[in-house]
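Beneath this line is the structure, given in structure tokens, with notes to follow.
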């Protein structure tokens, strides 16, 4: 199967390419955390600690060593799968990430999905009627969404739908206190609840998800819709669509089979960028909705100069990002109509 | 099982806490008779107060899950709310104690029948192990123990199972009250030792996640970064049986969200709310706010004596005369708290905190500036801790305007929390800054010890006066009925007001909002929620 | 079917040389949204330049009215918790906000397009190194990277600008690389080379100008993001220092007052911020229409 081998080799190459990136991230992140002002030992020793106990804590944290030694120790621990201890939360960084990553991913992927479902049809709609009021309206709507800071949108939504109307549940995290979390399988509450067949819990989890999800989705409508529109315009104006039209294929068929499939390519590639974008926005949204995700964890860690926590966070994000890009590459080849012919 | 009715079923069957691996609470039960939900803005990062790195919000576990030998009684405040009573030390694990005539030997008798959660009786050996731990681990616990002259394991002796003896190097009035702070908790030493290792003889790793105490509540569940669930210990004999079977402490970082939650009645209490919310929520139906002035605490503007112009006492006094105190009290404190300005010119009594003689008087301030040779003023950064922005920023804006009138051009600088400690308190290099120190042990000399002695942490302005140093040294351990006590403290206050390195603005309050179905809240110096006192109305 | 044009295929021709003004009028009349955007843009520039002279109160002066007063005749946008006039603050903030976004975007545009152009034109090691640098930046969640930089370097306006510039850099670098590498061997480039132009001259004199149309769109989008980014930093306490008026910090601080009902504190700076981001985004489209007439079909 030369096709499979080829694919595997490509995937391996892609992974190999990621190695220097990941290493670069490790270095940058290590240096960045060390550049943070403030003395974590003094901070974590507590309000009234004396110089002696601060010094002791500094040794415990390994901060009395020169930087290169600290970096080597860090790499060594990392190789052993040890990300260190997050002093600010008192948990191993690995445990924190394991429990928080699914929460953030559920939010991020959910928002992307929601946004994709809304933005792509909007983009197609706008592209098929360029420069009409439909186009302008679409543009107006999606641009308005991206023009607001997410924490602002989040707070306003919370104010209206929870505080004033009482439609949304109390913004206190992933699941209302009245429900038992389902047995963890994927870590995604919605999926776990569905697997366990606990529909009521699923409903509750979705209810908690709704507002943060909408907040984030509003923010990501614009890049996806705009890219869809642009790509659609381009493919609609291209020779092969004209040819297809001239050959007498129905408008719908041309739109879906030829134009849309081609237009999806750049849209999917943008998803990577949008994903990174949403993860950033997540940081703020999680804070508003008391979402126990990885973003709020990172903000707190950064503010108190919790080195291990920040490093662990960035590393996991980077790996996630590399994985995602890989996934996109694979998806790209899957939906690329040329692949079939080439194979 | 139908999950929706899980809790009801469990409750009616009388299942014990151990059978409740998870908790399910009906929303209305935020106001129920069995469960209280408390929201906090911070995060609990350890269940062991002795561990280095344990933050302030985590102290509540030491308070609610562990017992100390002694505790403080309760007093009623002028507004009818309840507060702990510093002058009234009460039994907790010790049923009685004796202090030798020379004041250096304290002998405690442990309560008969006191047991840890696992049923093991509490013995003097547990007390000895726990106090040894507090003075040996270093960091904050050791420093706090030292304040009560408890510095070395040699001072602690388990005479027999129920008799515990502490020997002090010299008598100190702070020793007994220090035993009532959250630090000297009594830990189940057998459980701890069973989980100790050679590297970790004090079982910090184990106790970090697994409390082993005898206190009123056990920890049923701890989801770091989300919530802590307390379950009542029905066998507790350290005090009155708490009113709630279960208390859930939820971490909600956004202040607006916390306010929405308490206003909507979804939670029983919101701890430590901002002054503005305290004022406004008090008028809302279904919500009540308890605001208690924080003892031994003053929000102050500090002038660093290492900064050239502030070396001159007259400049510091000029700054004190330039501040629009009333405006600050309105816009930063929202009138929650006690004004600390406009007092009499002489120090007539030794209650602390008390009003300083300063008030807004630009003429006087200008005259002093001219006298000191600073008619043209100078430039200075005015710093505050970002975590205190809710009161510090409006205060800083007003101070900036006041200083401008006497020629001092202040630029405001927000400093993130992690840097604050290092820059402000450890390196002590901020020329002009806002500070919020409060002492746990409620005596004026204790406050002066931390804030007016060269090198001490909260003397962030390098104040150094030999007379003050001697006074504090003489007075710190002196009994309050000693004839020298009052004159000494009075002189300290006089010095503090005349030298004025630390300009008092106001005494802040600790504000807690409650659903009106919750009663019994009591203010404590540690500023954490003592959930043991809460009860359904 | 490999000859099929890919969606990202560029226009190889340079911009037409007709009068831009005429063209602008044409674009504006054909696309009302763009027309409005250009109008708003002019308004923002006006506020940035003349802001301090237009406002009724000193934006830093406290107690020009009672604190936390709802909008009224005297204070159009109400007053904040220190009794400052929100209208004055919102208008005066325009200059700083535009300054932050323009300088941040300018830095990332210049550096990013130089890096990208070299990578795209020369390929090889230049390309690989640039690629890794860009990948490394991109692998950080961008907002968190900005936070880290500002937290490490201190929260001053300059550092906010640098942080924003760094996180936007990859977009320009990638775009410039793609656009340049496509044109590297195009007919007009080879012609330029044959007529004796140096490599650098070919790159920056002939190829680079052709990459500008898509860059324009990116620039205008990024201007909006830059403002949002500063606002986000303010929300977590890493924004500009008080009492400087800046939309982001006003929204961030005002957000705490939503639940207590003082909506004007967040609404007006929020609207302004939205309008500015909005304007930049729409202008991006307008600019593309302007410089790239082919898209108008």
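The values are calculated or read from the model by the stated rules, or taken from the named source; none is laboratory data. All values derive from a computational prediction rather than experimental measurement. Here the Cβ positions follow ideal geometry from the backbone for every residue, glycine too, while neighbour counts run over all protein chains shown.
The listed residues are C:196, C:261, and the only one of them that is over 28 Å from residue A:296 (Cβ atoms), free of Cβ contacts under 8 Å to residues at least 24 places away in the same chain and either within 22 Å of the chain's Cα centre (by Cα) or not in a helix (DSSP H, G or I) (or both) turns out to be C:196. Residues B:356, B:383: which one is without any contact (Cβ under 8 Å) to a residue 60 or more places away in the chain, surrounded by 20 or more Cβ atoms within 10 Å (Cβ to Cβ) and outside any helix (DSSP H, G or I)? One residue alone meets the criteria, B:383. Screening residue B:47 with (1) at pLDDT below 75; (2) within 14 Å of chain A (Cβ to nearest Cβ) gives one miss only, at (1).
The numbered conditions (1) surrounded by fewer than 24 Cβ atoms within 10 Å (Cβ to Cβ); (2) more than 7 Å from every other protein chain (Cβ to nearest Cβ); (3) under 14 Å from the mean Cα position of the chain (by Cα) are all true for residue A:322 except (2).
Out of the residues in region B:196-212 that are within 12 Å of chain A (Cβ to nearest Cβ) and in contact (Cβ under 8 Å) with a residue 60 or more places away in the chain, state the one that is surrounded by the fewest Cβ atoms within 10 Å (Cβ to Cβ).
Taking region B:196-212 as the starting set, the residues that turn out to be within 12 Å of chain A (Cβ to nearest Cβ) are B:199-200, B:204-205, B:207-209.
Next cut, in contact (Cβ under 8 Å) with a residue 60 or more places away in the chain only: B:204, B:207-209.
Values: B:204: 22, B:207: 25, B:208: 20, B:209: 14.
Per the criteria, the residue is B:209.
Might you let me know whether region C:95-118 holds any residue that is closer than 28 Å to residue C:49 by Cα, touching a strand residue (DSSP E or B) at 6+ places or on another chain (Cβ under 9 Å) and in a helix (DSSP H, G or I)? No, because not a single residue in region C:95-118 is closer than 28 Å to residue C:49 by Cα, touching a strand residue (DSSP E or B) at 6+ places or on another chain (Cβ under 9 Å) and in a helix (DSSP H, G or I).
Applying the criterion of being within 14 Å of chain A (Cβ to nearest Cβ) and buried (at least 22 other Cβ atoms within 10 Å of the Cβ) to the residues of region C:112-135, the residue that is nearest to residue A:15 (Cα to Cα) is C:135.
Each row is one residue, and each column tells you yes or no for (1) away from chain C (no Cβ under 14 Å); (2) more than 23 Å from the chain's Cα centre (by Cα).
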site	(1), (2)
A:131	no, yes
A:135	no, yes
A:139	no, yes
A:145	no, no
A:157	no, no
A:162	no, yes
A:176	yes, yes
A:183	yes, yes
A:202	yes, no
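Considering the conditions (1) surrounded by fewer than 23 Cβ atoms within 10 Å (Cβ to Cβ); (2) within 12 Å of another protein chain (Cβ to nearest Cβ); (3) on the phi < 0 side of the Ramachandran plot, residue A:190 is excluded by exactly one of them, (2).
For residue A:270, the criteria (1) within 12 Å of chain C (Cβ to nearest Cβ); (2) closer than 26 Å to residue A:191 by Cβ; (3) touching a strand residue (DSSP E or B) at 6+ places or on another chain (Cβ under 8 Å) hold in every case but one, which is (3). The number of residues in region B:403-419 being part of a helix (DSSP H, G or I) and either without any contact (Cβ under 8 Å) to a residue 24 or more places away in the chain or surrounded by 22 or more Cβ atoms within 10 Å (Cβ to Cβ) (or both) comes to 4.
Yes/no per residue for (1) touching a strand residue (DSSP E or B) at 6+ places or on another chain (Cβ under 6 Å); (2) under 21 Å from residue B:355 (Cα atoms); (3) assigned to a helix (DSSP H, G or I):
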residue: B:421; (1), (2), (3): no, no, yes
residue: B:428; (1), (2), (3): no, no, no
residue: B:441; (1), (2), (3): no, yes, no
residue: B:451; (1), (2), (3): no, yes, yes
residue: B:462; (1), (2), (3): no, no, no
residue: B:472; (1), (2), (3): no, yes, yes
residue: B:483; (1), (2), (3): no, no, no
residue: B:488; (1), (2), (3): no, yes, yes
residue: B:493; (1), (2), (3): no, yes, yes
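Just so you know, in region C:267-277 the residues that are within 10 Å of chain A (Cβ to nearest Cβ) and crowded, with 22+ Cβ neighbours inside 10 Å include one that is nearest to residue A:148 (Cα to Cα), and it is C:274. Name the single residue, out of those in region B:213-239 being part of a loop (DSSP other than H, G, I, E, B) and in contact with a helix residue (DSSP H, G or I) (Cβ under 8 Å, 6 or more places away or on another chain), that is surrounded by the fewest Cβ atoms within 10 Å (Cβ to Cβ). The selected residue is B:239. Just one of B:267, B:247 is assigned to a loop (DSSP other than H, G, I, E, B), in contact with a helix residue (DSSP H, G or I) (Cβ under 7 Å, 6 or more places away or on another chain), crowded, with 19+ Cβ neighbours inside 10 Å and at pLDDT 90 or above; which is it? Exactly one of B:267, B:247 is assigned to a loop (DSSP other than H, G, I, E, B), in contact with a helix residue (DSSP H, G or I) (Cβ under 7 Å, 6 or more places away or on another chain), crowded, with 19+ Cβ neighbours inside 10 Å and at pLDDT 90 or above, namely B:267. Only one of C:80, C:85, C:63, C:97 is buried (at least 22 other Cβ atoms within 10 Å of the Cβ) and either away from every other protein chain (no Cβ under 13 Å) or without any contact (Cβ under 8 Å) to a residue 40 or more places away in the chain (or both); which? Going through C:80, C:85, C:63, C:97 in turn, just one is buried (at least 22 other Cβ atoms within 10 Å of the Cβ) and either away from every other protein chain (no Cβ under 13 Å) or without any contact (Cβ under 8 Å) to a residue 40 or more places away in the chain (or both): C:85.
Tell me, which helices (runs of 4 or more DSSP H) lie completely within region A:30-133 with 3 or more residues that are surrounded by fewer than 15 Cβ atoms within 10 Å (Cβ to Cβ) and modelled with pLDDT of 85 or more?
Per the criteria, A:67-79, A:93-128.
Residues that are closer than 13 Å to residue B:82 by Cα and not in a loop (DSSP other than H, G, I, E, B) within region B:520-537 comprise B:522, B:523, B:533, listed in sequence order.
Within region B:1-17, does at least one residue satisfy the condition of being more than 9 Å from chain A (Cβ to nearest Cβ), under 20 Å from residue B:227 (Cα atoms) and either surrounded by fewer than 16 Cβ atoms within 10 Å (Cβ to Cβ) or at pLDDT 85 or above (or both)? So far as region B:1-17 goes, no, none of its residues is more than 9 Å from chain A (Cβ to nearest Cβ), under 20 Å from residue B:227 (Cα atoms) and either surrounded by fewer than 16 Cβ atoms within 10 Å (Cβ to Cβ) or at pLDDT 85 or above (or both).
Table: residues versus (1) within 28 Å of residue C:269 (Cβ to Cβ); (2) away from chain A (no Cβ under 14 Å); (3) modelled with pLDDT under 85.
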{"site": "C:177", "(1), (2), (3)": "no, yes, no"}
{"site": "C:206", "(1), (2), (3)": "no, yes, yes"}
{"site": "C:222", "(1), (2), (3)": "yes, no, yes"}
{"site": "C:233", "(1), (2), (3)": "yes, no, no"}
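The selection criterion, being at pLDDT 50 or above, within 30 Å of residue A:60 (Cβ to Cβ) and part of a helix (DSSP H, G or I), holds for residue B:64. Tell me yes or no: at least one residue of region B:268-282 is closer than 26 Å to residue B:246 by Cβ, away from every other protein chain (no Cβ under 13 Å) and within 16 Å of the chain's Cα centre (by Cα). Yes, the conditions are met somewhere in region B:268-282.
If you go through region A:119-149 and pick out every residue that is under 20 Å from residue A:270 (Cα atoms) and in contact with a helix residue (DSSP H, G or I) (Cβ under 8 Å, 6 or more places away or on another chain), you end up with 17. Please determine, by comparing only the residues of region C:245-258 that are more than 18 Å from the chain's Cα centre (by Cα) and not in a helix (DSSP H, G or I), which one is surrounded by the fewest Cβ atoms within 10 Å (Cβ to Cβ). The extreme case among them is C:258. Here C:287, C:212, C:275, C:282 are screened, and the one residue that is at pLDDT 85 or above, assigned to a helix (DSSP H, G or I) and at negative phi is C:275. Within region C:236-248, which residues are under 20 Å from residue A:219 (Cα atoms) and more than 10 Å from chain B (Cβ to nearest Cβ)? Answer for region C:236-248, where residues must be under 20 Å from residue A:219 (Cα atoms) and more than 10 Å from chain B (Cβ to nearest Cβ): C:247, C:248.
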